[in-house]
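The values are calculated or read from the model by the stated rules, or taken from the named source; none is laboratory data. What you are looking at is a predicted structure, and each value in this text was computed from that prediction instead of being measured. Neighbour counts run over all protein chains shown; Cβ positions are idealised from the backbone, glycine included.
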Amino acid sequence: MAKQTTYYIKKRYATVLYTDDVLRHFFDAYKKRPEYENTIFIITGDHGLSYDINFALKKFHVPLIIYSPKLKRSAVFKGVCSHLDIAPSLEQMLKKKARLNIPSWTCYLGSYLDTSNIFRIKSLFSFIWENKTYPDVLMDNLYLNKDSLFTVSDNFVQKSIVNPTITEEMKHKRTSITSVHKMLPKQNKLLPISTFLSEYAIQVYPECKKQTRFEQCKMFKVNELKKENEFTSILSLKCKQNNNDGLLHVLGTIQYKLLSTESTTFKLVFEAKDSAEKNIGWQCFEFSVKNGETKTESLNKYFVLKKMNTFVPIRYINAYFWNNNKASIKIQKLDMKVYLE
């Protein structure tokens, strides 16, 4: 064995021993903290060993250790994952265990940690080498390195193959990945604020309370919802300029009494229209009332007007009662303020 090779092996071994010792001291100290029992520890690396490696993927092969004092047993998983999968996996766990509100779609590029006990590659992964324009692509146990295609088996062993169809397909994936990464720094946005706030159910009061975003506002006096009138207007708003998000905060109070003989429901509807006053979206909230009952509801709704076409901006916003069951309902009090983000 060459002296240089022996030197590097000793150096790597010393690094492993040092890391092991540091982790031991870290955990000994952290055990004294009150939050230790409820903490999840994630230990990983930023890159693999780059010296004396025959397979390109080995450079990206790093340890990922997840530890918690609450774990009942240990396990080793062979499903291929990436650092991008850690955050969405923790979110899903918090959703199930702590009822955390998470959106139906996110800006994550990762998926979930694969806990398979056999080697497999379910997700799409990309890698950037030093000073390299196009990334390598790893998917379905196949690896595209530059223009060369490989199969990938257990422990990331690569075997060169020739398949022009699959190569072109993976090159197309590579182009798509590159386009996304080029677009992000130009737009400097991950997802709309409306999606973030509404999907996570975060009650944040918009800055627009300090200023009006409407150039016209018309309120209608409403005393009663009559059987013969299915729709009763409450207000009509015209935005000062086109609004893409449709993020509203509605505050106020509504007091009502059912005059008819049966229990019923009715809806408070907010309708979005474009500059041509064409309906492009809406959102509604349902109220229920029993015979002869008087109810008082506090309005504190923070929501997004759902649009049929996300690219068409909102110019007008209307609100009305939808008496879909055609009941007689007395509106004893209606106080409502609308703020647009």
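One residue stands out in region 84-102 among those that are in contact with a Leu (Cβ under 8 Å, 6 or more places away or on another chain) and within 25 Å of residue 61 (Cα to Cα): the one that is surrounded by the fewest Cβ atoms within 10 Å (Cβ to Cβ), namely 84. Which residue out of 246, 252 is crowded, with 18+ Cβ neighbours inside 10 Å, of a type outside the set (A, V, I, L, M) and at positive phi? Exactly one residue qualifies, and that residue is 246.
Return yes when residue 149 is part of a strand (DSSP E or B) and either at pLDDT 85 or above or not aromatic (Phe, Trp, Tyr) (or both) and no when it is not. Can you show your working first?
Values: part of a strand (DSSP E or B): yes; either at pLDDT 85 or above or not aromatic (Phe, Trp, Tyr) (or both): yes.
Yes; evaluated as a whole, the condition is true for this residue.
Here region 258-316 is the region considered, the condition is being charged (D, E, K, R) and within 19 Å of residue 337 (Cβ to Cβ), and the residue that is nearest to the chain's Cα centre (by Cα) is 301. The lone criterion from (1) under 20 Å from residue 318 (Cα atoms); (2) surrounded by fewer than 18 Cβ atoms within 10 Å (Cβ to Cβ) left unmet by residue 291 is number (1).
Cβ-Cβ contacts under 9 Å between residues 6 or more apart (or on different chains), taken from a first residue in region 145-159 that is more than 11 Å from residue 170 (Cα to Cα) to a second residue that is part of a strand (DSSP E or B) and small (Gly, Ala, Ser), are listed as 150/160; 151/160; 159/153.
Okay, residues lined up against (1) within 17 Å of residue 44 (Cβ to Cβ); (2) at pLDDT 80 or above:
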{"position": "65", "(1), (2)": "yes, yes"}
{"position": "72", "(1), (2)": "no, yes"}
{"position": "81", "(1), (2)": "yes, yes"}
{"position": "85", "(1), (2)": "yes, yes"}
{"position": "92", "(1), (2)": "no, yes"}
{"position": "102", "(1), (2)": "no, no"}
{"position": "106", "(1), (2)": "no, no"}
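Within region 214-232, the set of residues being under 17 Å from residue 337 (Cβ atoms) and touching a residue at least 40 places away in the same chain (Cβ under 8 Å) comprises 214, 222. Look at region 60-79: where a residue is loosely packed, with under 10 Cβ neighbours inside 10 Å and of a type in the set (A, V, I, L, M), no partner that is at pLDDT 95 or above and in a loop (DSSP other than H, G, I, E, B) sits 6+ places away or on another chain with Cβ atoms under 7 Å.
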